[in-house]
Amino acid sequence: MWQILPQVLVDGLTLGFMYAVVALGYTMVYGILEFINFSHGEIFMVGAFVGTEVLLIMDANGALQGMNPFLALILALIISMIVTGLLGVGIERVAYRPLRNAPRLVPLISAIGVSFFLQDVVRFAEALHRDTFYLTGPILFPGKIDIGIAQVPSKAVIVVIVAIVMMITLTFFINKTKWGIAMRAVSQDQSTASLMTINVDKVIMLTFLIGSSLGGATGVLFAQNYGTIDPFIGFILGMKAFTAAILGGIGNLRGAMLGGVLLGLVESLAGAYMGPLTGGAFGGEYKDVIGFAILILVLLFKPEGLLGEAVKEKV
């Protein structure tokens, strides 16, 4: 039973890093607006479809033959990030900005509406174009790599490497650049940041641009890792990424990364070993239950998350 442990850990890390990058989008928006962007999962889904369509078009035209797979992946990532980044900015401008001073429930309902809208638009577009809304694209890295005693799919290694690069780049941007420092200032106090001549609206727009771009890029990685995608992949993965953000501490970038990796590992281990350890009473299909059970437990006993700071309120 334990011979498969290395493969299980690799699968968990691959899934966990995807959760982590998507969770960054949730935690960035919450850190500035204290608002949960529940359409973020669908932006991830749109990114998966855009990247896969780009690769399919290139494959149909023979462009993938002889092309370096890394170059093809980078091209798909760039196009997907541009499309989803602009989509995120548009959603913020149309669906969220007019509701910024409304009661918190109102933008939340708007986010859920945007989520369903994006699902239906992609489903309609794909069904109209291909007579089905399931899409399978070319796999750029079909081989395997020997790591110790485990044979690891090359695509899983690429997913982890690209995810780590994106997280390091974002961390550098937030901590070392002018706009990153402005984002941190706005997250601390919008009014004070505005008095210091920081354009709060531009910072919020940039936050949606970056978060949505990262979500779109992760969608491309997801499509490469799992092959077939559909318009509903964003809902479950988005909820898992939200769980990861809560687990690590919503609003904390390092917490989102840690929460994503931990959740991916827990789910992978549960999927592999829950059946044998319970004598078949609970199979691997209960791994989703484990993920959401973690969310409930964290909200009950440590709502600030693993790396978040507890906030004391006086009444």
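Some observations on this one:
- Positive contributions from Lys and Arg (+1) and negative ones from Asp and Glu (-1), summed over other residues with Cβ under 14 Å from the Cβ of T243, come out at +1.
- Under a Gaussian network description of the chain, with springs only between Cα atoms under 10 Å, the residue in Q65, Q119, Q190 that fluctuates furthest is Q65.
- Charge tally in the Cβ shell below 14 Å around R184, where Lys, Arg are +1 and Asp, Glu are -1, R184 excluded: +2
- Above-threshold pairs, the threshold being 27 Å between Cα atoms, out of K155/K176; K176/K202; K178/K302: K155/K176; K178/K302
- Sparse-neighbourhood loop sites, trypsin sites (Lys or Arg not before Pro) in region 70-107 - DSSP loop, at most 16 other Cβ within 10 angstrom: R100, R104
- Neighbourhood net charge (12 Å Cβ-Cβ; Lys/Arg +1, Asp/Glu -1) for V203: +1
- Simple point charges give the picture: +1 on the Cβ of Lys and Arg, -1 on the Cβ of Asp and Glu, and for the chain a dipole about the Cα centre of about 780 debye.
- GNM flexibility winner over the chain from M18, M58, M196 (Cα, springs under 10 Å): M196
- Extreme residue, positive dipole direction of the chain, given options G308, L214, V261 (C-beta unit charges): G308
- Per-residue Cβ neighbour counts within 10 Å put E34, E92, E126 in the sequence E34, E126, E92, beginning with the fewest.
- Fewest-first sequence of Y273, Y19, Y30 by Cβ atoms within 10 Å of each Cβ: Y273, Y30, Y19
Since every read-out is calculated from the coordinates, none of them should be taken as a lab result. Values in this document were obtained by computation on a predicted structure and should not be read as measured data. Note that each Cβ is placed from the backbone with ideal geometry, even for glycine, and that neighbours are counted across all protein chains shown.
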